[in-house]
Structures are given as structure tokens and as C-alpha cells.
Amino acid sequence: MQKKDNKSVKLFYSIGEVASMFNVNTSLIRYWETEFDIIKPKKNKKGNRLFTNKDIENFHLIWHLVKERGMTLNGAKKKLKDNRHDTENNFELIKRLKEVKSMLNEIKNEL
């Protein structure tokens, strides 16, 4: 089973692309950018935001804390400030477990 990884293809993503990745409005992306100092998009001459792969990873982490775990924005900020390393490790572990579960379900369906 080979996973498609589009992250390695592009260096920068527009705000519209990031919003569609998370199925949210661009206004939420702009809001989270102002609320979380770990989101630091580059801006071109026109002022358009250009998000890097690291920004996308940070959005995934924030999404996990706020949308999946139900934390408030202040709670998520505090968690990232106080214990970012453990939070990232837990998120990576959950992501891997979901991949394993998906793979096991595929095998189950093939049997």
C-alpha cells in the first residue's frame, strides 16, 4: 500500500488550498494565524499568504486539539506553549494508529 504524499511536491500553499484541506472558510485560517504564533505564513508582494509544509503541520496539530479533542483556543494555546513536544508526539502517535486501523480495515474487507 503506497500513500500519496502531495506535501513534498509543493513548497507553498495558498490560503484557499489550506482552507480546502481542512474543509473550512479562509476566515478561520486567517483567525488561527492571528491566534497562534506557530503559524507564520510568508507573504508575497501582493500580500497573499503563502503557507509552508510546517504551517500545514501546525494547522493539523491545532485542528486536532481544537476540533478533535474539543479544547478551547486558549486551552490549545496553553497546551502548545507548556508542552508542545509531548503534544506533537501524541498527535503523531494518534495519526499512525489511524493509519494502522485503516490498513487493517482494508485487509479485513479483502478477506
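Residues of region 23-64 that are surrounded by 14 or more Cβ atoms within 10 Å (Cβ to Cβ) and of a type in the set (Ser, Thr, Tyr): Thr26, Thr52. Scanning region 78-111 for residues that are without any contact (Cβ under 8 Å) to a residue 12 or more places away in the chain and hydrophobic (A, V, I, L, M, F, W, C) turns up Leu93, Leu97, Val100, Leu104, Ile107, Leu111. Each residue in region 70-89 was checked for being loosely packed, with under 13 Cβ neighbours inside 10 Å, modelled with pLDDT of 90 or more and either within 14 Å of Trp32 (Cα to Cα) or among the charged types (D, E, K, R) (or both), and 2 pass.
Among the residues making up region 48-73, those that are under 8 Å from the mean Cα position of the chain (by Cα) and not charged (D, E, K, R) are Ile56, Asn58, Phe59, His60, Leu61, Ile62, Trp63, His64.
The values are calculated or read from the model by the stated rules, or taken from the named source; none is laboratory data. The structure presented is a predicted model; accordingly, all values stated were derived computationally and were not measured. No Cβ is skipped: glycine too gets one built from the backbone with ideal geometry, and neighbour counts run over all protein chains shown.
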